[in-house]
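Student: Here it is: the structure, laid out below.
The values are calculated or read from the model by the stated rules, or taken from the named source; none is laboratory data. What you are looking at is a predicted structure, and each value in this text was computed from that prediction instead of being measured. With ideal geometry, Cβ positions are generated from the backbone for all residues, glycine too; neighbour counts draw on all protein chains shown. To get the accessible areas, we keep the full protein, side chains included, count just its heavy atoms, and leave off ligands, DNA and RNA. Shrake-Rupley method; radii C 1.70, N 1.55, O 1.52, S 1.80 Å.
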Amino acid sequence: IVGLAALVAVFAVRGRPRLLVSGLLALSGLGAAVAAVAGASDRQALADEAARTTADTAATVAGLTHTAWPYVTAAGALLILVSGLLALRFGRSWPAMGGRYERGTGPAAARRAAVDPDRPEDLWKALDRGEDPTR
């Protein structure tokens, strides 16, 4: 869940926070992949429970089979790792969300059209341009 949230957050931030989130994305993918592969054939927890339940320290679990789901999880985690590494490498040039609504000081800010409060279409056009028609 952390990896998927970081994947979305990469596009919401820019600058150093983007690098931080990209690193978190790569680390979460790496951690999930390692945990999935390490747990794919782990029998120790079941053997410990069998020994505790039977009070026989030599008790083991027999006939245990594993599915492919840990490896599917590891493949998905590797995709998250790769996306984090790509974001670390190329993320500086990606656009960020919400830039349209930031207050500008350039020529576009000076070219604001006059808004007539008695004309609803002017109010809507100002909203479409990202302006606050109440000012």
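Results for (1) open to solvent by less than 100 Å² (accessible area, probe 1.4 Å); (2) at pLDDT below 75, shown as yes or no for each residue.
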| position | (1), (2) |
| --- | --- |
| Arg52 | no, no |
| Val61 | yes, yes |
| Thr73 | yes, no |
| Gly99 | yes, yes |
| Ala114 | yes, yes |
| Gly130 | yes, no |
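Student: Six or more apart or on different chains, Cβ atoms under 7 Å: show the pairs whose first residue is in the stretch 40-54 and of a type outside the set (Asp, Glu) and whose second is at pLDDT 80 or above.
Tutor: Close Cβ pairs satisfying both conditions: Ala40/Pro70; Ala40/Tyr71.
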